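Asker: A single structure is presented below for examination.
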Amino acid sequence: MADCLFCKIAAKQIPAKVAYEDDEVIAFDDINPAAPVHVLVVPKKHIATLNDAQPGDAQVLGKLMTAAAQVAADRGIAGSGWRVTVNVGKDAHQLVFHVHLHLMGGRPFGWPPG
Ligand code: AMP
Ligand code: ZN
């Protein structure tokens, strides 16, 4: 999608620190990290929010999870623990309208989240 920040990062039109990449998924460091490890895991296909996901997107959405686990292992937080968050819409504070997992770890988190 032309005017989408994460589509541009996936197309390498905007630089990012890439943590993982395959044909369908790219993961890169969040520019404003909320934890020692804070990586965004993104489908290369533009899907605006999980509200817009279709049954045919199930495979790539699943790949986001396995990619997150790979990045967690690579960054050394598989054993200490980590969290995946997906913000959907206004109440959840979604700011970039291209589906992304926030993979966060390297410190303890509270529960429930704010
Ligand atoms: P959300 O609020 O769930 O839409 O999260 C959007 C995330 O994108 C925020 O954590 C931002 O810090 C992050 N972000 C915004 N611009 C960039 C960028 N150019 N590179 C990496 N992360 C970014
Ligand atoms: Zn996009």
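The values are calculated or read from the model by the stated rules, or taken from the named source; none is laboratory data. These numbers come from a predicted model, not from an experiment. A quick note on method: Cβ atoms are made from the backbone with ideal geometry, for glycine too, and the neighbour counts reach across all protein chains shown.
Asker: Would you tally the residues in region 6-36 being closer than 12 Å to Arg75 by Cβ and under 12 Å from the mean Cα position of the chain (by Cα)?
Answerer: Counting residues in region 6-36 that are closer than 12 Å to Arg75 by Cβ and under 12 Å from the mean Cα position of the chain (by Cα) gives 4.
Asker: Across region 62-114, which residue is nearest to ligand 2 (Cβ to nearest atom) among those that are in a loop (DSSP other than H, G, I, E, B) and among the aromatic types (Phe, Trp, Tyr)?
Answerer: Among those residues, the one meeting the criterion is Phe97.
Asker: Separate question: Determine, yes or no, whether Gly106 is touching a strand residue (DSSP E or B) at 6+ places or on another chain (Cβ under 9 Å), more than 9 Å from ligand 1 (Cβ to nearest atom) and modelled with pLDDT of 95 or more.
Answerer: yes
Asker: Within region 27-41, can you find the residues that are of a type in the set (Phe, Trp, Tyr) and touching a residue at least 40 places away in the same chain (Cβ under 8 Å)?
Answerer: Selection gives nothing.
Asker: If only one of Pro43, Pro36 is within 14 Å of Leu101 (Cβ to Cβ) and within 16 Å of ligand 1 (Cβ to nearest atom), which one is it?
Answerer: Criteria check complete, one pass: Pro43.
Asker: Quick check on Ala16: is it in contact with a strand residue (DSSP E or B) (Cβ under 8 Å, 6 or more places away or on another chain), within 22 Å of Pro108 (Cα to Cα) and surrounded by 17 or more Cβ atoms within 10 Å (Cβ to Cβ)?
Answerer: Judged against the criteria, Ala16 is not a match.
Asker: If only one of Ala48, Ala67, Ala72, Ala53 is closer than 21 Å to Asp3 by Cα and in contact with a Phe, Trp or Tyr (Cβ under 6 Å, 6 or more places away or on another chain), which one is it?
Answerer: Matching residue, one of Ala48, Ala67, Ala72, Ala53: Ala48.
Asker: Here is a check on your reading of the model: is Gln59 in a loop (DSSP other than H, G, I, E, B), closer than 22 Å to Met1 by Cβ and out of contact with any helix residue (DSSP H, G or I) (no Cβ under 9 Å at 6 or more places or on another chain)?
Answerer: For Gln59, the condition - in a loop (DSSP other than H, G, I, E, B), closer than 22 Å to Met1 by Cβ and out of contact with any helix residue (DSSP H, G or I) (no Cβ under 9 Å at 6 or more places or on another chain) - is not met.
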